[in-house]
Amino acid sequence: MEGGTPLFIQKFFQSPKQVGSLFPSSLSLAKKMTTQLCWDHIDIAAELGAGTGVITKQILRNMKSNSELYIFEKDDEMRKKLKLYFPESTVCEDARHILTSSGKEEESLDAIFSGLPFANFTRDLQREIVEEVYRALRPGGVFVAFQYSTQMKRTFLEVFRTVEIAFVPKNFPPAFVYTCEK
């Protein structure tokens, strides 16, 4: 989104636990989250915590033209901007309600991407979102999330069949990308 960084910084200072970082994700991080997937098998996807849409752009670049993307963003102002910049996608508010918001049945999404700051959430909220992600993914579906530490590894391993972690130094702060398979 045009002018995304100033808005992101403003939102961080207003709600640091909700935004999670002073700066939006880097292009390097967005590419790391999206380039290792087999996009031929992704028809329905969601992005949780889209912020200013850096990762959203990469997701849409990779998706087939007839695919569906559900974008989740809690902040009202960022959500309105996401609706303007990505009118072909459905923009929703609460990542705790992926299935309800998307109108999909359990186990129907092929991939879910996340920039949510799990480290800032209570343990109960972490579990609630991770369990909703698991319910929403089809068997073999993939959950790709970035974090600034490896503290979520145990939580993801409790739910997903496999969890792989990659380090992305070209981001501020440097990030870890989790790729989890149902």
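At a glance:
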{"quantity": "Estimated inter-spin distance, ASP124 and SER149, nm [label 7 Å along Cα→Cβ]", "calculated": "2.1 nm"}
{"quantity": "Residue-normalised accessible area of the chain, expressed per residue, 1.4 Å probe, Å²", "calculated": "49 Å²"}
{"quantity": "Hydrodynamic radius by Kirkwood, which averages 1/r over all alpha carbon pairs of the stretch 23-124, in angstrom", "calculated": "13.9 Å"}
{"quantity": "Rel. contact order, % - alpha carbon contacts under 8 angstrom, at least six apart, the stretch 55-122", "calculated": "24 percent"}
{"quantity": "Relative contact order [Cα under 8 Å, 6+ residues apart], the chain, whole percent", "calculated": "21 percent"}
{"quantity": "Radius ratio Rg over Rh of the stretch 74-182, counting only Cα atoms, Kirkwood formula for Rh", "calculated": "0.96"}
{"quantity": "Given (i) 9.1; (ii) 15.2; (iii) 10.8, the label whose value is mean projected area of the Cα convex hull in nm² derived from this model", "calculated": "(i)"}
{"quantity": "Whole-number percent relative contact order across the stretch 84-182, with pairs defined as alpha carbons under 8 Å at least 6 apart", "calculated": "27 percent"}
{"quantity": "Per-residue [θ]222 nm for the chain (sum of -39500 (n - 2.57) over DSSP H runs n ≥ 4, rounded to 500)", "calculated": "-10500 deg cm²/dmol"}
{"quantity": "Considering only the chain, percent of DSSP beta bridges that pair antiparallel, nearest 5", "calculated": "45 percent"}
{"quantity": "Carbon plus sulfur fraction of accessible area for the stretch 18-143, probe 1.4 Å, in percent", "calculated": "46 percent"}
{"quantity": "Accessible area of ILE165 in the full protein assembly, 1.4 Å probe (Å², nearest 10)", "calculated": "70 Å²"}
{"quantity": "Per-pair calculated FRET efficiency, R0 = 22 Å: ARG138 and SER65 via Cβ, rounded to 0.05", "calculated": "0.60"}
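The values are calculated or read from the model by the stated rules, or taken from the named source; none is laboratory data. On a predicted model such as this, the values are computed, not experimentally measured, just so you know. Cβ: placed from backbone, ideal geometry, glycine included. Neighbour counts: every protein chain shown. In case anyone asks, the SASA skips ligands and DNA or RNA and just uses the protein heavy atoms, side chains included. Shrake-Rupley method; radii C 1.70, N 1.55, O 1.52, S 1.80 Å.
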